[in-house]
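Undergrad: Below is a structure I'd like to ask you about.
What follows is calculated from the coordinates using simple rules that are stated; it is not laboratory data. Just so you know, these numbers come straight off a predicted model, no measurement behind them. Don't worry about glycine lacking a Cβ; one is built from the backbone with ideal geometry, like all the others, and counts go over all protein chains shown.
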Amino acid sequence: MSDRLCLIDSNILMRWVRREAPEYKLIDSAMKELARFGATPCYTSQNLGEFWNVLTRPANQNGYGLTPAQANTLAAGIESNLRLLPDGLDVHEEWRRLLVLHAVSGVQVHDARNAAAMHVHGVERILTFNPRDFARYADIKAVHPADLASTGARE
């Protein structure tokens with residue numbers, strides 16, 4: 001996995017910033033494995049938007065109930081530790097192509113946006129708790145943190 005980019009899904013980011021989350025140790029171990037093998041963790045504006053949504057949504061609505069100022073502090077940490085895969089016309093066009101090619105509908109349009117950014121930026125892997133969400137994209141390897149942590153990031 002040397003010198004490769006790896007997109008970090010929003011479901012990972014949300015738990016990585018909360019040390020009390022049950023999955024925190026698993027995520028931290030997986031992130032250390034990525035670093036050990038020279039992989040560069042990345043994020044997209046899509047990821048950061050989903051991250052911000054959960055952080056600022058009320059706790060009684062399956063969110064963290066944080067203020068925008070608190071969310072900003074956590075988002076700044078993501079921005080300073082991960083590489084942004086920027087949006088642009090090329091990502092938009094690839095996203096639209098994927099929506100039609102794979103007959104994507106509903107909430108899966110968000111994953112398609114990440115897949116489009118991955119295609120445009122040459123990213124082959126995504127660290128996610130939901131590998132099935134990316135199964136339709138044959139050129140993307142979706143890796144669960146438990147697999148990465150337990151296998152030592154073998155290919």
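Undergrad: Could you give the dipole magnitude of the chain about its Cα centre, charging the beta-carbon of Lys and Arg +1 and that of Asp and Glu -1, in debye to the nearest 20? Each step should come with its number before you reach the end.
TA: Values: 17 positive and 18 negative charges, 59 e Å.
So the dipole magnitude of the chain works out to roughly 280 debye.
Undergrad: Give the peptides 40-51, 85-96 in descending order of average Cβ contacts within 10 Å, highest first.
TA: Values: 40-51: 20.1, 85-96: 15.3.
My ranking of the peptides, most packed first, is 40-51, 85-96.
Undergrad: I've got another one for you. Only helical DSSP H runs with n ≥ 4 go in: add -39500 (n - 2.57) per run for the chain, normalise by residue count and round the 222 nm mean residue ellipticity to 500 deg cm²/dmol. Don't skip to the end; give the middle numbers.
TA: Details: 7 runs with 80 residues, N = 155.
Roughly -16000 deg cm²/dmol at 222 nm, from the helical runs in the chain.
Undergrad: Simple spin-label model, 7 Å along Cα-to-Cβ: LEU84 to LYS32 in nm?
TA: 3.0
Undergrad: Taking the Cβ-Cβ separation of LYS25 and ARG96 as r and a Förster radius of 41 Å, what is the calculated FRET efficiency to the nearest 0.05? Before the final figure, lay out each step's value.
TA: Working: r = 39 Å, r/R0 = 0.95.
The pair LYS25/ARG96 has a calculated efficiency of 0.55.
Undergrad: In addition: Considering Cα pairs under 8 angstrom that are at least six residues apart, work out the relative contact order of region 5-151 and quote it in whole percent.
TA: Numbers: 202 pairs, mean separation 41.4, N = 147.
For region 5-151, the relative contact order is 28 percent.
Undergrad: In terms of the Cα gyration tensor, with a ≥ b ≥ c the square roots of its eigenvalues, is the chain rounded because a/c is under 1.5, prolate because a/b exceeds b/c, or oblate?
TA: Details: a/c = 1.57, a/b = 1.11, b/c = 1.42.
Oblate is the answer for the chain, as a/c is 1.5 or above yet b/c matches or exceeds a/b.
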